[in-house]
């Protein structure tokens, strides 16, 4: 599960990690007052306004702006709340923006990258850090791998103070900055574990220029990202309450209600399968024969006829879907359940695009009999005995 930046800032604040003042707005009329409020609190004369959406590329799209007056704040808010954000990650259709974060601006002496994730090879959480913050860490890792520092975290003892201080020193923090940075690292590691995160990232972590209050500069987090383990949300009530359904794909939301796993893709052939491994194999063989999958939809082993019928509704609601391949290897999932769902979907939804069905396994003969009976209602349907034949048929049908 993903959350917005303003929600990530709340979690940092609760962990005792210092951040500049900021406030969320949902209307243009709020912008001027909030700009004045956060800049006054921080003792600065500028701020940053950001669109709160689950997509990258906000800056290049014009949805992150520096503002130096209440008037600029209002104009920036008007633009962001009145236009869809279109970036590399959103696609040409863009995303609606309903919330904006206005945060006080701060001077920056240096930027760092800091994150916690799980190293599955080492079977431990790992702290990843770099002196090159504010940029894509993947690019840094590719072009300058020596700039990436790592510290594995003991599963029961956690990140130790001496480890955090050593890492802060190696990153180039000086004087009082070292203890400030170490405290932030320990707090982030603790938050990662207690909140069941899959990623906890501060980018950038900054040092402000020296001032009378902070002669060595102050270490602050000015942007953050948290993702959480969906399987642990039952015990993370506060995190679960942060979920924003408006930022999720409607098909994925519909699928979740029926315990289906659905991921939209860019191709033209819808896939309905049982099992993640079979889904990957199905998509691979579609590609092998020159097609492109439109989705990943796994009905699992215990889906009902109603759930599978809903799966067809979701697939067929995608305008890019020009054909559907059903590939079922029945173990726990019975082939007759799938076949009956296909017959139901024909009555309730209708198949106007080519449909190729390959069934094998539990109750396969019963399933094939149901399909044979339903053929008069589904003129676009073909059946296949093996996956290669099925994939070749649906790719040819889609053209």
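Read the figures in this text as sums done on the coordinates, not as results from a lab. The structure presented is a predicted model; accordingly, all values stated were derived computationally and were not measured. Because the Cβ atoms are built from the backbone with ideal geometry, glycine has one as well, and the counts that use them run over all protein chains shown.
If each DSSP helix of 4+ residues adds -39,500 (n - 2.57) and the sum is divided by the residues in the chain, what number results at 222 nm, nearest 500 deg cm²/dmol?
Mean residue ellipticity, 222 nm, calculated: -11000 deg cm²/dmol.
For a quick check, take a GNM of the chain with Cα springs below 10 Å and name the residue from 87, 212, 27 with the largest mean-square fluctuation.
Judging by the Gaussian network model, the answer is 212.
Once label points are set 7 Å from the Cα along Cα→Cβ at both residue 44 and residue 149, what is their separation, rounded to one decimal in nm?
Those two pseudo-labels are separated by 2.5 nm.
Per residue, what volume in Å³ does the Cα convex hull of segment 110-240 take up?
117
Please give the residues of segment 183-218, grouped as numeric ranges, whose backbone N is less than 16 Å from a label point set 7 Å along the Cα-to-Cβ vector of residue 234.
Only 196 pass the distance filter.
Please give the peptides 54-61, 9-16, 291-298 ranked by average Cβ packing (other Cβ atoms within 10 Å per residue), highest first, as a rough proxy for protection.
Working: 54-61: 15.8, 9-16: 17.4, 291-298: 23.1.
Packing proxy ranking, top to bottom: 291-298, 9-16, 54-61.
Roughly speaking, what is the stretch gain from residue 33 to residue 109, that is 0.36 nm per residue apart minus the C-alpha to C-alpha distance, in nm to one decimal? Can you show the working numbers first?
Details: separation 76, 0.36 × 76 = 27.36 nm, distance 2.87 nm.
Once the chain is fully extended between residue 33 and residue 109, it gains 24.5 nm.
Sort 63-72, 222-231 by packing, meaning the average of other beta carbons within 10 Å per residue, with the highest value first.
Result, highest mean first: 222-231, 63-72.
Residue 278 versus residue 319, label points 7 Å from Cα toward the beta carbon: distance in nm?
Roughly 3.2 nm, to one decimal.
Could you work out Rg/(2.2 N^0.38 Å) for segment 147-305, with Rg from alpha carbons only?
Working: Rg = 22.4 Å, N = 159, 2.2 N^0.38 = 15.1 Å.
Dividing the Cα radius of gyration by 2.2 N^0.38 Å gives 1.48.
Report the calculated FRET efficiency for residue 302 and residue 212 (r = Cβ-Cβ distance, R0 = 56 Å), to the nearest 0.05.
Step by step, r from the Cβ atoms, then E = 0.30.
With only alpha-carbon atoms in the gyration tensor, what are the semi-axes of the equivalent ellipsoid for segment 26-152, in Å, largest first?
32, 20, 13
Which stretch or stretches of segment 198-219 have amide N atoms under 15 Å from the point lying 7 Å from residue 54's Cα along the Cα→Cβ direction?
198-199
Report, please, the projected area of the chain averaged over directions, based on the convex hull of its C-alpha atoms, in nm².
For the chain, averaging the hull's shadow over all directions gives 22.4 nm².
In the Gaussian network model of the chain, springs joining C-alpha atoms below 10 Å, which of 362, 74, 198 carries the largest mean-square fluctuation?
362
Assuming 0.36 nm per residue, please report the length gained on full extension of the stretch residue 256 to residue 225 beyond their Cα-Cα distance.
Residue separation times 0.36 nm, minus the Cα-Cα distance, leaves 8.8 nm.
Once you've got the GNM for the chain with C-alpha springs shorter than 10 Å, pick whichever of 201, 41, 138 has the biggest mean-square fluctuation.
138
Estimate the FRET efficiency between residue 166 and residue 265 by the formula 1/(1 + (r/R0)^6), using the beta-carbon distance for r and 51 Å for R0, to the nearest 0.05.
Approximately 0.70, to the nearest 0.05.
If I stretch the segment between residue 176 and residue 377 completely, what's the gain in nm (0.36 nm per residue apart, minus their alpha carbon distance), one decimal? Write out the running numbers ahead of the final one.
Working: separation 201, 0.36 × 201 = 72.36 nm, distance 7.54 nm.
That works out to 64.8 nm of additional length.
Could you state the number of Å between the C-alpha centres of segment 32-53 and segment 158-186?
30
To one decimal place, what Kirkwood hydrodynamic radius in Å is obtained for segment 264-370 from all pairs of distinct Cα atoms? Intermediate results must be reported in sequence, preceding the final value.
Numbers: mean 1/r = 0.0743 Å⁻¹.
Computed over Cα pairs of segment 264-370, the Kirkwood hydrodynamic radius comes out at 13.5 Å.
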